[in-house]
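As structure tokens, the structure follows; a few thoughts come after it.
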Amino acid sequence: MGGEAFPVVIPVWMDVAPRSPFLKKLFEKPLSPSIAYHLLFGVIGGNGTDGSIPLESAISLRAQGEAERIYAFPEDHMSILRSASVIERLNGVLRQIAW
């Protein structure tokens, strides 16, 4: 969508597009069991999106299956970046990992 709405396409947009070669390669093999990751995402946006990204892309079944924990927030594509509750949760996860 970014390529249609803006005069300049940022290369990373192509990498994170659904079914991109980057995303296919990302999930070719599972991460090492020693790598635990948490999946945080926003669910406000309507029509099965966070306002920009289809949820099936943002929270793929593969990513969900391999995540240590999954956190959904009442945020959209942009507000999640500034959300106090998201920041608090992320800091909590980082504190747990640091110990």
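The values are calculated or read from the model by the stated rules, or taken from the named source; none is laboratory data. These numbers were taken from a predicted model, which means no experiment stands behind them. FYI the Cβ positions are ideal-geometry reconstructions off the backbone, even for glycines, and counts take in every protein chain you see. What goes into the accessible areas is simple: the full protein's heavy atoms, side chains included, and nothing from ligands, DNA or RNA. Shrake-Rupley method; radii C 1.70, N 1.55, O 1.52, S 1.80 Å.
It is to be established whether one or more residues within the range 45-62 are within 13 Å of the chain's Cα centre (by Cα), buried (at least 16 other Cβ atoms within 10 Å of the Cβ) and farther than 22 Å from MET14 by Cβ. No - not one qualifying residue is present in the range 45-62. Every condition in (1) open to solvent by less than 50 Å² (accessible area, probe 1.4 Å); (2) in a helix (DSSP H, G or I) holds for LEU39 except the one numbered (2). With the condition kept exactly as written, say whether any residue in the range 48-60 is at pLDDT 90 or above, in contact with an Asp or Glu (Cβ under 9 Å, 6 or more places away or on another chain) and in a loop (DSSP other than H, G, I, E, B). The answer is no; no qualifying residue exists.
I'm trying to understand the selection: among the residues of the range 63-99, which are open to solvent by 50 Å² or more (accessible area, probe 1.4 Å) and assigned to a loop (DSSP other than H, G, I, E, B)? Don't jump to the end; show me each part of the working.
First, the residues of the range 63-99 that are open to solvent by 50 Å² or more (accessible area, probe 1.4 Å): 64-66, 68-70, 72, 74, 76-78, 81-82, 84-85, 87-91, 94-99.
Within the range 63-99, GLU68, PRO74, ASP76, HIS77, MET78, ARG82, TRP99 meet the criteria.
Residue pairs whose Cβ atoms lie under 9 Å apart, separated by 6 or more positions or on different chains, with the first residue in the range 40-65 and acidic (Asp, Glu) and the second in a helix (DSSP H, G or I), are ASP50/ALA58; ASP50/ILE80.
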